[in-house]
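Undergrad: Take a look at the following structure, please.
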Amino acid sequence: MRTTDRDRRRPAVTAFCFAVILTFVLTPYGVSAAFPTAWYTVLPNGTAYEANISIENATGYDFYETGPLGERVPIKVSNVRLTGPCDPCAFNWTGASNSAISFPKGNYWVHYQGPIRDYHLQGNFDRPYRVEVAVPRNYDLRNPLLGMISPGGKIIPVDNTSLIAQWNGTRSFELRFYDEGRVSLLYLFGNFWIVIAVVLLMPFVFSWMRKRQI
């Protein structure tokens, strides 16, 4: 007996749905799995970070920040390691003040420690990256008066012990964190201005009350 067109379409539709589901299962976070990864960890003292950056088909890597005019500003880093199939892999220092490394073309991970100034961390890439920054429990990002993250990022609490700032498919990121000392200063500053406002408004309040009594 010949099957109807409707019966023949059902296996095709089922196969298509299965392929879509399998694609999402095998591809974490959707398309973001295609992005290379950059992991940063803010150290407990808040003055340095550890970075682990994946690079593909690369022959070198530059250590730099972006200046106020968009220019590249070399930074001094420490504890630099290059890992990959050779783990650890050999490299040569290049660039001004040893601000870059070179190595045979390939896929690697670059590991290093960099400086943090004024609780501010930024990074730039030559292609879209999946970026995660781990911030320890003695710091925070969530008060918009004290902290910030660049557009496209989201903040994820981790078991009440730390925070992770995350971006999917970004060429740059920026964040500013703060400690409890800065929160106390903010409250002190706010209370000070509340007292000033009350003192300045009192003559107008008394004048308004006298006019009403008349």
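The values are calculated or read from the model by the stated rules, or taken from the named source; none is laboratory data. None of these values were measured; they are calculated from a predicted model. Glycine also receives a Cβ, built like all others from the backbone with ideal geometry; neighbour counts cover every protein chain displayed.
Undergrad: Residue check: is residue 155 out of contact with any Cys (no Cβ under 7 Å at 6 or more places or on another chain), assigned by TED's automatic domain parsing to the domain that holds residue 54, among the β-branched types (Val, Ile, Thr) and within 21 Å of residue 46 (Cβ to Cβ)?
TA: When the stated conditions are applied, residue 155 passes them.
Undergrad: Going by the structure shown, is residue 108 under 19 Å from the mean Cα position of the chain (by Cα) and of a type in the set (Phe, Trp, Tyr)?
TA: Judged against the criteria, residue 108 is not a match.
Undergrad: Moving on to the next point. Going by the structure shown, is residue 65 at pLDDT below 95 and either crowded, with 17+ Cβ neighbours inside 10 Å or of a type outside the set (D, E, K, R) (or both)?
TA: For residue 65, the condition - at pLDDT below 95 and either crowded, with 17+ Cβ neighbours inside 10 Å or of a type outside the set (D, E, K, R) (or both) - is met.
Undergrad: Can residue 72 be described as under 17 Å from residue 42 (Cα atoms) and at pLDDT below 95?
TA: no
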